[in-house]
Structure formats: structure tokens, C-alpha cells
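What follows draws every value from the coordinates through simple rules; no lab data is involved. Just so it is clear, the structure is predicted and the values come from calculations on it, not from any experiment. Note that each Cβ is placed from the backbone with ideal geometry, even for glycine, and that neighbours are counted across all protein chains shown.
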Amino acid sequence: MKKEDKIFLVGFMGCGKSTFGRKIASALNWNFVDLDEYIEEKEGKSISRIFEEFGEAYFRDLETSTLKETQKWNKTIVSCGGGTPCFNNNAELINNSGLSVYISLSPETLKDRLEGEKSKRPLIASLSNIELLSFIQNKLSEREAFYNKAKIKFDYSDDKAESFIDYLRSLVS
Ligand code: S3P
């Protein structure tokens, strides 16, 4: 496998892309960028506000144009939004520009992690905790084909995280 200079983390909302991404970046001494935070800074608006004012289709185009900007970066871990690889051929864009990693968790674990974290996420903000699990199951089954386009799949667990970072290090340096 060729040495990559970017790693893109993909996976469902709440799978830990940003938290784990920051850990990988600090272990490799690389930069870390959260795509949603970068969009929020560029636009001067929260993701919820962008959805509210302009709708999801507008956000998806913004997400794709922002993803294109990452192509010129190097030594960077990019934490993608949960929908990033699922629209506008973004999965291909990601795979042509770096090493993609799908961080996979079960719907039940995602639900536990998302229950207190709904408000900043427009797709789930209005769901009750009871509705949340079936939303995750349905959305994940729609999206898994896109997530599985990633070059590497990691079934996340805390105790495997360190050795997975060592594995990534061996691929990029
Ligand atoms: C989305 C996930 C969010 C954010 C937006 C849409 C999605 O990112 O991009 O709310 O479609 O799954 P996180 O996965 O970081 O929550």
C-alpha cells in the first residue's frame, strides 16, 4: 500500500471520529481537522443553523466543496461528518486523496453515545430516545455500503485503540 499523507475517518454520528481522530493526530504528530467545525468556522454558522436556513442539500454541497479543499493538505487527520461519504461521490474523492478508515460501532452503542448528544445534530435533534435506536438502525443500513468503501474498517473498542494507531503509523510512515 502506498504511504498516505492524509487519513479520513468516516462512520456514523457518535462513533468517535473526532475524539479518536485527535488521539491519532497527536500520536502521529499530524494535524487534526474536524470537517464540521471547519465548515462552521468558514460559514460563521453552526451546522444546525446551516440546515435550518438553507436545508440539507445546501449543506451537502458545502460539505463536498470543503472536502475538496482537504486535498491540498498533508499530514492531516480529517474527521468527516457522518454523512460525508454518502453523498456526491465523496467516498471516491476521499479514497483518491488519502487513507480512509471506517470506525464501526453497533447501533446499540451508537444510541447510548448519542442519547445526550442530539441537540447539535439536526438529523436526530427532534427524536426521542426511543425513536433514536430505530433511526440509527435504518440510517446505518442505508449508509453502510458507503462506509464500507473505506480502505480499512475498524470495529472500535477502547482496548484495541492503541494497537490500531500503531497499525496506522506503519501505513503512513
Ligand atoms: C451528519 C453528521 C454530522 C453533521 C451533520 C450531518 C450526518 O456529523 O455532519 O449533522 O448526516 O450523519 P457527526 O458525524 O460529526 O455528528
Taking the radius of gyration and the Kirkwood hydrodynamic radius from Cα positions alone, what is the Rg/Rh ratio for the stretch 84-173, to two decimal places?
1.01
Strictly greater than 24 Å: what percent of every Cα pair in the stretch 1-96 meets that?
17 percent
Unit charges on C-beta of K, R, D, E only; dipole of the stretch 82-173, Debye:
320 debye
Dividing the mean separation of Cα pairs under 8 Å (6+ apart) by the residue count of the chain yields a relative contact order in percent of 35 percent
Once every Cα of the stretch 10-65 carries one equal point scatterer and solvent is ignored, give the base-10 log of I(q)/I(0) from the Debye formula at q = 0.12 Å⁻¹, two decimals.
-0.34
Over 30 Å between alpha carbons, listed pairs Lys42/Lys160; Lys3/Lys139; Lys68/Lys118; Lys17/Lys42:
Lys42/Lys160; Lys3/Lys139
Can you run phi through the Karplus equation (6.51, -1.76, 1.60; θ = phi - 60°) for the stretch 72-84 and list ³J(HN,Hα) in whole Hz, with x for Gly and Pro?
8, 8, 9, 6, 10, 9, 10, 8, 7, x, x, x, 3
Log entry: pair-distance distribution for the stretch 88-128, C-alpha pairs binned every 5 Å from zero, whole % per bin is 5, 18, 17, 15, 15, 20, 9, 1
If unit charges are put on Cβ atoms (+1 for Lys and Arg, -1 for Asp and Glu) and the dipole of the chain is taken about its Cα centre, the option from Phe154, Ile47, Gly11 lying farthest towards the positive end turns out to be Phe154
Separation of the stretch 100-172 and the stretch 36-92 by C-alpha centroid, Å?
18 Å
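Taking every pair of alpha-carbon atoms in the chain, give the share separated by more than 20 Å as a whole percent.
That fraction is 51 percent.
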If you put +1 on each Lys and Arg Cβ and -1 on each Asp and Glu Cβ, how big is the dipole of the chain around its Cα centre, in Debye rounded to 20?
540 debye
Fewest first, what order do Cys86, Cys80 take by the number of other Cβ atoms within 10 Å?
Cys86, Cys80
